[in-house]
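What follows is a set of notes on a single structure, which appears directly below.
Each reported figure results from applying straightforward, stated rules to the coordinates on display, with no laboratory input. Since the structure is predicted, the reported quantities are computational estimates derived from the model, not experimental observations. Cβ coordinates were reconstructed from backbone atoms using ideal geometry, including for glycine residues, and neighbour counts include every protein chain displayed.
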Amino acid sequence: MAEKKIVDARGSYCPGPLMELIAAMKSAQVGDELEVLSTDQGSAKDIPEWIRKVGHDYLESKEEAGVWHVLVRKKK
Amino acid sequence: MKIVIVGGGTGGTILANNLARRLSGELKNGKARLILLSASERHMYQPGLLYVAVGKMMPDELYRDQRSLLEPSIEFHVDPVEQFALDKNQVKTKSGATIDYDMLVIATGSRMVPETIPGLAENSETFYTEESAVKMCKALQQFQGGKVVITVGVPHKCPMAPLEITFMLNDYFKDRGIRDKVQIHYTYPIGRTHSLENVAKWATPEFGRLGITYETLFNMKEVDGKNKILRSEEGTDTPYDLLIAIPAHKGMEVLEKNGLGANGFIPTNRTRLNMEGRTNVFVLGDTTNIPISKAGSTAHFEAEALGENIAAMVKLGAPVRDYDGKVFCFIQAGKDRATYAMFNYTTPPDPKAPTKAIHWFKLAYNKLYWSSVRGLL
């Protein structure tokens, strides 16, 4: 059954939010949703860029109180 | 008060020595006991493996006897933990001993897992163990020219390693007089040449200056050893003659078996370093799931904060400070130049241009490390 997982990468400069997502994606099941929490504004751009290139689903990005929430779904 | 530290790497050793000094009175009068359990009687300086791989350090230079690094008041046993019974405040060791604790610290580190990528272990060189670094050194000596590809798994220990080995290889082939016969091709998982933006801003023009090609948004999928092709999750194929891997890492298997955390990384509070949901279990270094660098310096700074807090809990009944996410990493920019990156949860790094002076300091640190783990630096 698909799950929703939180990847809390707030305050992460290295390895950074996208690297945290790449690592989490490996352990996720197809259909799982992963929500990345990031304090780096660049995450709203670089996460969708990778998601589209690798072929997963990009769902949405929103900013709340300085934290970007980027929601994606593992597709393959 | 019985404090048990599991793991004799950088974090566990620094913490044990730190606590031995802070609690010297309590250890002397029997009000506290400090036990360190490790899987090895030897302590390895892991950053030295990079130099072994390019023939600039010998393997025996990497080791010291673990007991020689510890304060005499620390009860040290080579007896790794196999079972964690956290609800009973007990651990069980390989020798069959059951050890009770009041406070437990888990600092068992991480390990490379090249076997998670089909074909990678059999068809690549790496340098995360003594055996693999020596093998890579020999493979480099036999290499006479062609395309060298550097590939990077996630997460990996030492975030500077991909850049460092690339710059070291550039100088290595220059020194052998075959740089013009070698194409060095660097790949990296995200959309720039390093996770730290300011490091990428420095490294990318360096690649251009040195004639190093690169491909970003490249995550290993499989290695076709027969045809010497590295395939990415993103759908690209990269031929190679020599494949150098920074494999993905996991925490120790024993932690997964005991259900302490996915992939062997324990969910950890990022400022107090306690295991989530536990007030008397703490986690250090690569073993945490905190989204910061898996590096010796991370373990070092965490150990200093945790040492202060555990001592305060023994003496005052409460912790006194937060870990602020501090990390300091040297960056070897070739055989004779280096720079560094220092950052925490709120302040990004701003690395300066590499200099020979920083390189010499890094070489000095390769020796000073032994004072550092003793808690003297």
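Could you tell me the center-to-center distance, by alpha carbons, between segment B:116-195 and segment B:196-246 in angstrom?
10
Using +1 at the Cβ of each Lys and Arg and -1 at the Cβ of each Asp and Glu in the protein assembly as shown, identify which of B:Val149, A:Gly11, A:Gly42 lies farthest towards the dipole's positive end.
Selected residue: B:Val149.
Please work out whether segment B:226-354 counts as rounded, prolate or oblate from its C-alpha gyration tensor, where a ≥ b ≥ c are the square roots of the eigenvalues and a/c under 1.5 means rounded, while otherwise a/b larger than b/c means prolate and anything else oblate?
Oblate, because a/c is 1.5 or more while a/b does not exceed b/c.
What does the convex hull of the Cα atoms come to per residue for segment A:4-73, in Å³?
Roughly 73 Å³ of hull volume per residue.
Pop out the Kirkwood hydrodynamic radius of segment B:240-302 from its pairwise C-alpha distances, inverse of mean 1/r, in Å to one decimal.
Here the Kirkwood hydrodynamic radius works out to 12.7 Å.
How large is ³J(HN,Hα), in whole Hz, for each residue of segment B:71-76 in order, when computed from phi with the Karplus curve 6.51 cos²θ - 1.76 cosθ + 1.60 and θ = phi - 60°, using x for Gly and Pro?
Ordered by residue, 3J(HN,Hα) equals 4, x, 6, 8, 7, 9 Hz.
Throw me the Rg/Rh for segment B:113-249, computed over C-alpha atoms with Kirkwood Rh, two decimals.
0.93
Starting from the amide H of B:Glu222, placed 1.01 Å from N in the peptide plane, find each other amide H under 5 Å away whose residue is 5 or more places distant or on another chain.
Those qualifying (amide H under 5 Å, at least 5 residues apart or on another chain) are B:Arg231.
Taking every eigenvalue of the Cα gyration tensor of chain B, multiplying by 5 and rooting it, what semi-axes result, largest first, whole Å?
Largest first, chain B gives 38, 21, 19 Å.
How large is ³J(HN,Hα), in whole Hz, for each residue of segment B:300-306 in order, when computed from phi with the Karplus curve 6.51 cos²θ - 1.76 cosθ + 1.60 and θ = phi - 60°, using x for Gly and Pro?
Per residue, the Karplus-derived 3J(HN,Hα) values read 4, 5, 5, 5, 5, 5, 5 Hz.
How much mean residue ellipticity at 222 nm does chain B get from its helices, if each DSSP H run of length 4 or more adds -39500 (n - 2.57) and you divide by all residues, to the nearest 500 deg cm²/dmol?
Using -39500 (n - 2.57) per qualifying helix, the result is -9000 deg cm²/dmol.
Mind checking the mean number of beta-carbon atoms from other chains within 10 Å of the Cβ atoms in A:1-9?
1
Whole Å is fine, so just give me how far the alpha carbon centre of segment B:278-313 lies from that of segment B:1-27.
12
Non-local amide H neighbours of B:Glu215 (under 5 Å, H modeled in plane, Pro and chain starts lacking H): which ones?
When sequence neighbours closer than 5 places are left aside, the close amide H contacts are B:Tyr186, B:Thr187, B:Tyr188.
In peptide B:190-198, what is the residue-averaged number of other protein chain Cβ atoms found within 10 Å of each Cβ?
5
Starting from the amide H of B:Thr126, placed 1.01 Å from N in the peptide plane, find each other amide H under 5 Å away whose residue is 5 or more places distant or on another chain.
B:Met136, B:Ala245
Of B:Gln142, B:Gln46, B:Gln183, which is the most mobile in a GNM of chain B whose springs link Cα atoms less than 10 angstrom apart?
B:Gln142
Hull surface divided by four, with the convex hull built on the Cα atoms of the protein assembly as shown: how many nm²?
Directional mean of the projected Cα hull area for the protein assembly as shown stands at 21.6 nm².
In whole Å, what is the distance between the alpha-carbon centres of segment B:36-101 and segment B:324-377?
The distance from the Cα centre of segment B:36-101 to that of segment B:324-377 comes to 24 Å.
Under the classification rounded if a/c is under 1.5, otherwise prolate if a/b is larger than b/c and oblate if not, where does segment B:1-123 fall, given a ≥ b ≥ c as square roots of the Cα gyration tensor eigenvalues?
Oblate, because a/c is 1.5 or more while a/b does not exceed b/c.
Please give the net charge around B:Glu41, taking every other residue with its beta carbon less than 14 angstrom from that of B:Glu41, where Lys and Arg add +1 and Asp and Glu add -1.
So the environment of B:Glu41 carries a net charge of +2.
Hey, rough spin-label estimate for A:Lys45 and B:Asn89, points 7 angstrom out along Cα→Cβ, what's it come to in nanometres?
Distance between label points: 5.3 nm.
Using the Karplus curve 6.51 cos²θ - 1.76 cosθ + 1.60 with θ = phi - 60°, what ³J(HN,Hα) values do you get for each residue of segment B:279-287, in whole Hz, with x for Gly and Pro?
Working through the residues one at a time gives 9, 10, 10, 10, 9, 10, x, 4, 6 Hz.
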